[in-house]
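First the structure, in the form of structure tokens, and then the observations on it.
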Amino acid sequence: MPAPVVPMLNYFAYLFDGGHWSLAGEGIPDRLLQHIAYTLVTLAISAVIALPVGLFIGHTNRGAFLAINIGNAGRSLPTFGLLSLMVVLVGIGTLPVIVALVVLAVPPILASTYAGLRSVDRSAVDAAIGMGMRPIQVLFRAEVPMALPLIVSGLRSALLQVCATATVAAYVGLGGLGRLLIDGLSTNDYPQVFAGAVLVAVLAVLLDLLSAAVERAVVSPGVRERSVRRTRWRRARPDPTNEDAPTSPVGISG
Amino acid sequence: MIAYIQGNQARILSDLGQHVWLSLLPVLVGVVLALPAGYLTVRYRWLYQPVVNLGGILYSVPSLALFVVIPAIIPVGTLSPLNIVVALSVYSFALLARTVADALISVQGETTWAAAAMGFRPLRQLFGVELPMALPVMMAGLRVATVSNISLVSVGAIIGVGGLGDLFTRGLQLSYLAPIIVGIVLSVLLAAVCDSGIVLVQRWLTPWTRAGAR
Amino acid sequence: MITFDAVTKAFPGGNVAVDNLSLELPTGQITVFVGPSGCGKTTSLRMINRTIEPTSGTISIDGEDVTSQDAALLRRRIGYVIQHAGLFPHRTVADNIATVPLLNGVNKAQAREQARELLTRVGLDESLASRYPAQLSGGQQQRVGVARALAADPPVMLMDEPFSAVDPIVRDGLQREFLRLQSELGKTIAFVTHDIDEAIKLGDRVAIFREGGHLAQVGSPQDLLDDPADEFVADFVGRDRGFRALSFITAEKLEVEQVSAYVDRARGASLVLDDTGRPTGWSVDGQEVLRALPGTFTTRDALRLVTDLAITSPAGAAVRVDEAGVADGVVAHEAIARHLTALRRETER
Ligand SMILES: Nc1ncnc2c1ncn2[C@@H]1O[C@H](COP(=O)(O)OP(=O)(O)O)[C@@H](O)[C@H]1O
Ligand SMILES: [Mg+2]
């Protein structure tokens, strides 16, 4: 079926209509703020759950099996399926959706935190202990800073995952930019669908760039991949020949 | 549950069939495009950063948004399965192009120098030495792309083409758990089967990676 | 002084890594633990700073049992250097060196200032202070590792194969620098290596370990070479131990021939000097093109060097020089052999 010939201008009709940008009521600004709020709150809850668990497993290497499998299982869970399951089980509402989003965001953070700690140079940890750091100092002054590139990459892929799945969640009643998209689809208002898609894409890209800036600020240049690529390229990534290791903690976001 | 499966066998199977090709065809497209693209970025290093940056941007666009803007960019109907295929191909390409480039860069070094010194011509060296050595890393990327695609296809159900996602929208409309659970289980199983399949192929292709393992 | 008293370490699973070890490491000296891989050297070393706890027996430093002290505080008073340096990749060189002072609560500015001084002390340029470890060569990293261990000025240092991962030329430089530092600092050092040459070169005392965590012999390097306790030690110090023993005899009493008189007729070689009397090379068979000297020696050098020079010289003879580098004698390898025979007669008598 060939696409209907729509003049370019029409695609942007909704987006560039000043009325939709009104700060009052449910305009674009309101949806945008909702979307950002859902995303950040979910990410924060997920990090609070996943980081301590990942740090514990990575530091003690107890339960490694768990971390690896949660990471792999998390990637293969169909996001839309999980949302549907949650809604049918608990009912329509913000809370069940947020729970589903958290369930999707925990695995990448957990798996990459674990992988990050395991990738840390053992001789540096050995030196840290030998120089008289206490266990908690070893963790936070040596292991975590060295693992930070992977930990942050897990957080960043969780961020994208949540932002994307929050869009899908409009289908089961969540607010946010996904509303424009879903409501537009149900009323056959393509300019509105297009506006929702463009806005959510721009938001996701901006969030990703922002998180990249945060990454630059918190990760030491000494362990940042690009600055040391020439000397340590191989060590910087998980060993692909080791099948027990997670293939890559970062997946397509959704 | 059993009753649901028995009563809807045909529909479940056709959803599954659609799911398979909607998720795997894009991987194939991604591989076919990413191999030359990855090679070019290694050959002409100045291409590397732009390709990685573009890939990163495409990658961060949410799937639902990509599904619905494709008709505005290329002439396909808003309900065409091609939307899904094109969108997932974009993701697969973005992921794999970078993986191929990184994998090829990582194997450059003494072995490739040795190969060049022994008189391999560039193309022969690429296919005979560099690609095989880069295979483990590339296969790891392939696994991620495949599994991610399989879990993403069902989002397409929102625009009417989503393989097993069809079971989710049905379950939502009927407020009925059985189709949703069937859909989730089949989707996860499909991902596991494909993932294991790639691992097996990789073992068969790269017997040397196990030679040193205990 | 560090004292091992009947120390045994059995790992879970029954693997006895160290078996009833009793040993003293004298204050201000370098004691080297040497032996084949897996014989318990690292385990012994790490029991000193309690990164491994012994199964039985006690280890004390200056009479105080290490287990009576808080482990972290104990470790901050003991310098620790390991094979791949184990530098923190996320910290600059200066902050790596400042690690222990910072743990001890020294303020940052002061600790960094001190780190710069330590850099020069271990023979590195101060400009490296703001680099990250990945931007240094292996040898430089190892020097930073030593500087980091010295930062809190600990009386005791533990060094586990610190120079094993660098190439031989760099290693030689590191070893020399290390001995120079030690002559200034006089630390009590436990040094682990699997390389008997390194042990002989660096150790004031050498403890040879054998498989199963047994101490095979302990003594000065000369003792071990002259008088190996058993077959294992004799084998470990090597068949060429006689040659190694020449490292401990200087060329002081070696008789030399006058330079002007030295013309080797058999080889047709004669020594060529420049205007100031320094040797420039050998002329062989009357050729104009000079053959290079492999080196020269002074009366303070060891016979091992002299022998080596004679063997590798195109004329079969080594050239002795005085403080100014002026050639003051020549000795052929036949003469060295006669000297050694005389020495042996002397010791046998
Ligand atoms: N953490 C450990 N658990 C079990 N066995 C160990 C452990 N560390 C070392 N060993 C064993 O103890 C023995 C001595 O090891 P080590 O002290 O490292 O030897 P060396 O430093 O002389 O090479 C070896 O057989 C080694 O396998
Ligand atoms: Mg050892």
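The values are calculated or read from the model by the stated rules, or taken from the named source; none is laboratory data. Predicted, not measured: the structure shown is a model, and the values here were computed from it. Glycine also receives a Cβ, built like all others from the backbone with ideal geometry; neighbour counts cover every protein chain displayed. We work out accessible area using only protein heavy atoms, side chains counted, and drop any ligands, DNA or RNA first. Shrake-Rupley method; radii C 1.70, N 1.55, O 1.52, S 1.80 Å.
Structural remarks
- Cβ-placed point charges (K, R +1; D, E -1), dipole of the protein assembly as shown about Cα centre in debye, nearest 20: 2020
- Accessible heavy-atom area order of C:344, C:121, C:205, highest first, probe of 1.4 Å: C:344, C:121, C:205
- Mean partner shielding of peptide C:93-102, defined as the number of other chain Cβ atoms within 10 Å of each residue Cβ, is 2.
- In the complete set of protein chains, residue-level accessible area for residue B:19 is approximately 0 Å², probe 1.4 angstrom.
- Where only DSSP H runs of four or more residues are counted, chain B gives -26000 deg cm²/dmol as its mean residue ellipticity at 222 nm, each run worth -39500 (n - 2.57).
- The amide H of residue C:28, built 1.01 Å from its N in the peptide plane, has C:188, C:189 as neighbours under 5 Å, considering only residues 5 or more places off or on other chains.
- In Hz, Karplus ³J(HN,Hα) per residue of segment A:88-93 (6.51, -1.76, 1.60; θ = phi - 60°; x = Gly, Pro): 5, 6, 9, x, 5, x
- Options C:209, C:316, C:85, ranked by Cα towards positive dipole end of chain C, top entry (Cβ charges): C:85
- Dipole magnitude of chain C about its Cα centre (Cβ charges: Lys, Arg +1; Asp, Glu -1), debye to nearest 20: 820
- Sorted largest first by accessible area at a 1.4 angstrom probe radius, with every protein chain in place, the residues A:205, B:188 fall in the order B:188, A:205.
- Among B:25, B:13, B:186, the largest mean-square fluctuation in a Gaussian network model of chain B, built with springs joining Cα atoms closer than 10 Å, belongs to B:13.
- Within the full protein context, the accessible area of residue C:341 is estimated at about 70 Å² for a probe radius of 1.4 Å.
- Tilt relative to chain C, helix C:168-185 - C-alpha long axis, 0 to 90 degrees, to 10: 70
- Ellipticity estimate at 222 nm from DSSP helix runs (n ≥ 4, -39,500 (n - 2.57)) divided over chain C, nearest 500: -10000 deg cm²/dmol
- Neighbourhood charge, 15 Å Cβ-Cβ cut-off, centred on residue B:146 and excluding it, Lys, Arg +1 and Asp, Glu -1: +1
- Gain upon complete extension [residue C:276, residue C:110; 0.36 nm per residue less C-alpha separation]: 54.6 nm
- Check: segment A:29-222 dipole with +1 on Lys, Arg Cβ and -1 on Asp, Glu Cβ, in debye: 420
- Think of segment A:29-222 as a dipole: +1 on every Lys or Arg Cβ, -1 on every Asp or Glu Cβ, centred on the Cα centre; then among A:50, A:165, A:195, A:50 lies furthest on the positive end.
- Residues of segment A:87-107 with amide N under 19 Å of the 7 Å Cα→Cβ point at residue B:173: A:87-89, A:92
- Accessible-area value, residue A:114, 1.4 Å probe, nucleic acids and ligands omitted, Å²: 20
- Degrees between helix B:63-73 axis and first principal axis of chain B (Cα, 0 to 90, nearest 10): 80
- For segment C:307-315, 3J(HN,Hα) per residue [Karplus equation, 6.51 cos²θ - 1.76 cosθ + 1.60, θ = phi - 60°, Hz, x = Gly/Pro]: 4, 4, 4, 5, 5, 8, 6, x, 9
- Counting, for every residue in C:69-80, the Cβ atoms of other protein chains within 10 Å of its Cβ and taking the mean gives 3.
- GNM flexibility winner over chain B from B:171, B:109, B:156 (Cα, springs under 10 Å): B:109
- Computed from the C-beta positions of residue A:134 and residue C:231 and an R0 of 41 Å, the FRET efficiency is 0.30 to the nearest 0.05.
- Amide H to amide H distances under 5 Å link residue C:33 with C:191, C:192, C:193, C:207, where only residues 5 or more positions off or on other chains count and H is placed in the peptide plane.
- The phi-based Karplus calculation (6.51 cos²θ - 1.76 cosθ + 1.60; θ = phi - 60°) puts the 3J(HN,Hα) values of segment A:198-213 at 5, 4, 6, 5, 5, 4, 4, 5, 5, 4, 5, 5, 4, 5, 5, 5 Hz, whole numbers, x for Gly and Pro.
- Once both labels are positioned 7 Å from their Cα atoms along Cα-to-Cβ, the gap between residue C:183 and residue C:71 label points is 4.0 nm.
- 0 to 90° range, to nearest 10: angle between helix C:108-121 axis and chain C longest Cα axis: 20
- In terms of accessible area, using a 1.4 Å probe and ignoring ligands and nucleic acids, A:198, B:85 rank largest first as A:198, B:85.
- Shielding of B:91-100 by partner chains, average beta-carbon count, 10 Å: 1
- For residue C:335, neighbours were defined as the other residues whose beta-carbon sits under 11 Å from its Cβ, and their charges (Lys and Arg +1, Asp and Glu -1) total -2.
- A Förster radius of 22 Å combined with the Cβ-Cβ distance from residue C:58 to residue C:15 puts the calculated FRET efficiency at roughly 0.55.
- Beta-bridge orientation, the protein assembly as shown: approximately 60 percent antiparallel, per DSSP, counting only bridges with both partners inside.
- Under-5 Å amide H pairs with residue C:273, H placed in peptide plane, nonlocal only: C:280
- Residue (of B:44, B:101, B:118) at the positive-pole extreme of chain B, dipole from beta-carbon charges: B:118
- Segment C:150-219 and segment C:60-131 have their alpha-carbon centroids 19 Å apart.
- Residues of segment C:219-251 with amide N under 18 Å of the 7 Å Cα→Cβ point at residue C:344: C:225-228, C:238-250
- Modelled spin labels at residue B:21 and residue A:61, positioned 7 Å past Cα toward Cβ, are 4.9 nm from each other.
- Computed from the Cβ-Cβ distance with R0 of 30 Å, the FRET efficiency linking residue A:49 to residue B:57 stands at 0.55.
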